[in-house]
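> Can you keep this structure in mind? I'll have questions shortly.
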Amino acid sequence: MTIGLSFIMGLVAASVSYFMLSLWWPVAIILGIAVWLAFGLFGLKMDSAFTLLSGAILVFCISLSVMIMRSSDQLSGLQYADTVDETGTEFRYPVPLLGNAPSGERVYRSHGCAACHTQHVTHEGVEFDIKALASEKNHSAVKEAVNRFYQVTGNPASGGIALGLPVGEWETVALGVSVSDAAKARGFLSSAGASVDVQVRFNGEDLEKDNFSNPDGRGWGKRRSVARDYLFVERPMLGSVRIGPDLSNVGTRLNRSTLMRLLLDPKSIRRNSKMPQHRFLFDVVKESNEKGIITIRNKDEQVFYKPTKEAEALVDYLLSLKSANYPLEEAPVYQPFTSSLPKPEEAKKEMEEKTGDEGSDTK
Ligand code: HEC
């Protein structure tokens, strides 16, 4: 093979390993050179089934091991994370299933709830809002940075904010920009010495409704589901078909008695409900004086249903499903402007002097 042709082979090998197999670039270059040498110097020819087959097997093995090693590295390194609940109390997330919930999970699996319900809150896009705070010292530099940001991103609404940028007050610089633009804004602004506040906003049908940023939201989760949510789930029941709503977060939407009624007689909750009845999870009893008995009235007779152990466990499990409710680093819950970057010390001090402690207690 001529040296030119073998060089092209080497180039192909290096590009495939870098762009398609995502190998580290030095490894890709070494591979490319090895291929170039093999074909150019050592006269390797692609003329036998043996060479072709060994090449194919080599490529297969490399890609398989890289793909599996990379994802297993990513997932096996997952750990607990600190988060906060509705009342602001910190706790470690995720929480393993407690009490009856593990057997409820088995009931959920055995009755095929996953055939109609998913446990996976999805998102369609992510947007960033950016605020900046300039001090007297860096005011003109920050103005310059805002201008540069607008020029680079081709934002038509330039002049206004850049010219009227106040000193010592948070000012919204950009709303709903993409990842790369947010990175640019952060870079420009922080190198000009401004304090920068970046807020991540996910949107998509599954997430909370917001008239401005997510008008189609169904409120199935406050945030998207991520791998960490399934840390303690032996066999995640993600489901694929959504005949009923997603249940990742159902424990925050419905209470025990509603869930019981829903299993016994969904039409008593919503008239046109397509959710099937699960009466076999209840025993008919004569008396209604025990706790948790559900009464169903037909025309002139009353029937009392007592949940079986299975039903109780299933409902315990459903009530424990709150995964898409707590903010995580990789899946924040939208809160208006809590900074993701520590403030530069100087600007912070100056701001405190100027505005008392207003704003300085944002994290
Ligand atoms: C044949 C499909 C189907 C199966 C199987 C099914 N469901 Fe449903 N489920 C639905 C539908 C449809 C709804 C929406 C009902 C409505 O419109 O009120 C629903 C609603 C629900 C809700 C209320 C969710 C909400 O946010 O309002 C819960 C909880 C629920 N199902 C739990 C279960 C459990 C637990 C099982 C397994 C024992 C199960 N479902 C099996 C179709 C199904």
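The values are calculated or read from the model by the stated rules, or taken from the named source; none is laboratory data. Here the structure is a predicted model, which means the values were calculated and not measured. Every residue, glycine among them, receives a Cβ derived from its backbone with ideal geometry; neighbour counts consider all protein chains shown. Keep in mind that these areas ignore ligands, DNA and RNA; they rest on the heavy atoms of the full protein, side chains included. Shrake-Rupley method; radii C 1.70, N 1.55, O 1.52, S 1.80 Å.
> Among the residues of the range 223-235, are any open to solvent by less than 20 Å² (accessible area, probe 1.4 Å), at pLDDT 90 or above and within 11 Å of the ligand (Cβ to nearest atom)?
no
> Show the residue pairs that are 6+ apart or on different chains and have beta-carbon atoms under 7 Å apart, the first residue being within the range 11-31 and assigned to a loop (DSSP other than H, G, I, E, B), the second being of a type in the set (S, T, Y).
Correct list of pairs: L21/S63; L23/S17.
> Given (1) more than 9 Å from the ligand (Cβ to nearest atom); (2) open to solvent by less than 20 Å² (accessible area, probe 1.4 Å); (3) not in a loop (DSSP other than H, G, I, E, B), identify the lone condition not met by V200.
Only one criterion is unmet by V200, namely (2).
> Please verify whether the range 212-227 includes one or more residues that are under 21 Å from V107 (Cβ atoms) and not β-branched (V, I, T).
No; the residues of the range 212-227 include none that is under 21 Å from V107 (Cβ atoms) and not β-branched (V, I, T).
> Given the structure, is K286 of a type in the set (D, E, K, R) and within 16 Å of V121 (Cα to Cα)?
No.
> Right, another one. So for the range 116-125 (the condition being modelled with pLDDT under 90, open to solvent by 30 Å² or more (accessible area, probe 1.4 Å) and not aliphatic (A, V, I, L, M)), does at least one residue qualify?
Yes, the range 116-125 contains at least one residue that is modelled with pLDDT under 90, open to solvent by 30 Å² or more (accessible area, probe 1.4 Å) and not aliphatic (A, V, I, L, M).
> Let me ask something else. May I ask you to say which residue of F39, F19 is closer than 20 Å to L64 by Cβ and in the same structural domain as S63 (by TED's automatic domain parsing)?
Within the list F39, F19, the selection yields F19.
> Out of the residues in the range 162-176 meeting the condition of being touching a helix residue (DSSP H, G or I) at 6+ places or on another chain (Cβ under 8 Å), within 12 Å of K131 (Cβ to Cβ) and touching a residue at least 40 places away in the same chain (Cβ under 8 Å), tell me which one is surrounded by the fewest Cβ atoms within 10 Å (Cβ to Cβ).
The qualifying residue surrounded by the fewest Cβ atoms within 10 Å (Cβ to Cβ) is T172.
> Collect the residues in the range 243-270 that are open to solvent by 70 Å² or more (accessible area, probe 1.4 Å) and more than 9 Å from the ligand (Cβ to nearest atom), keeping them in residue-number order.
If the condition is that a residue be open to solvent by 70 Å² or more (accessible area, probe 1.4 Å) and more than 9 Å from the ligand (Cβ to nearest atom), then N255, R256, S257, R261 are the ones that fit.
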